[in-house]
Amino acid sequence: MKKSNLVTAITYIAIGLLLLAGAAGIRGRLSRVLFGFFGGFMGAGIAGVWRYFYWSAPGNRQRYEEKLDQERIELQDEMKSRLRDQSGRYAYLLGLAVLSVSIVVFSVLGALNILDSRVIILFLGGYLLFQVVAGMVIFKHLLGGYLGTD
């Protein structure tokens, strides 16, 4: 495994510790957000360090090389690349339609003084999840139809 992966993981841990220090020094709602980011960065950093040492162990190097070769084959597979592109396009167009409708809904709710920031944050989080899931579902559907297993 590359040393840059280890450096990135250690950088995540350092950023997490900085966020922890910032969260400890601040009171109120912002500290909760900083504690959340601390957890995210620390989790990713610790997982990255663990992955580096796990795959760098002498007994796992051969398996890691096989895993990398398989990933290269998957990424270069022309059919899957085309289907990834097509599923991304469909997810994007579907997302644009949802976004267009939501703009109208948020405008109406804002004009009626019904909307607060928590609703917008929850919506944007849900929208992000929607985009990711829609891309995966569409890709699986297209792959099943292409392979004749639909």
Notebook entry, point to check: Expressed as a whole percentage, what fraction of the accessible surface of the range 2-95 belongs to carbon and sulfur atoms when a 1.4 Å probe is rolled over the protein heavy atoms?
Noted result: 63 percent
Check: Can you give me the relative contact order of the range 1-148 as a percent, contacts being Cα pairs under 8 Å and 6 or more apart?
Finding: 22 percent
Margin query: Let me check I have the definition right: for the range 1-136, take the eigenvalues of the Cα gyration tensor, multiply each by 5, take square roots. What are those semi-axes in whole Å, largest first?
Written below: 37, 29, 8
Note to self: Please give the charge dipole size of the chain, origin at the Cα centre, charges +1 on K and R Cβ atoms and -1 on D and E Cβ atoms. Round to the nearest 20 debye.
What the structure shows: 500 debye
Note to self: Under 23 Å between alpha carbons: how many lysine pairs meet that in the chain, if sequence neighbours fewer than 8 apart on the same chain are excluded?
What the structure shows: 5
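For the range 40-79, just say rounded, prolate or oblate: build the C-alpha gyration tensor, square-root its eigenvalues into a ≥ b ≥ c, call rounded for a/c under 1.5, and beyond that prolate if a/b exceeds b/c, oblate if not.
oblate
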Notebook entry, point to check: Dipole of the range 19-101 (Lys/Arg Cβ +1, Asp/Glu Cβ -1, origin at the Cα centre): which of Ala24, Val101, Leu83 lies farthest to the positive side?
Noted result: Ala24
Checklist line | Per residue value of the accessible surface for the chain (all protein chains in place, 1.4 Å probe), Å² | finding: 73 Å²
Check: So what J values fall out for the range 59-64 if you push phi through Karplus, 6.51 cos²θ - 1.76 cosθ + 1.60 with θ = phi - 60°, rounded to Hz, Gly and Pro as x?
Finding: x, 10, 4, 5, 5, 5
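The values are calculated or read from the model by the stated rules, or taken from the named source; none is laboratory data. From a predicted model like this one, the values you see are computed outputs, not experimental measurements. Cβ atoms come from the backbone with ideal geometry, glycine included; neighbour counts cover every protein chain shown. What goes into the accessible areas is simple: the full protein's heavy atoms, side chains included, and nothing from ligands, DNA or RNA. Shrake-Rupley method; radii C 1.70, N 1.55, O 1.52, S 1.80 Å.
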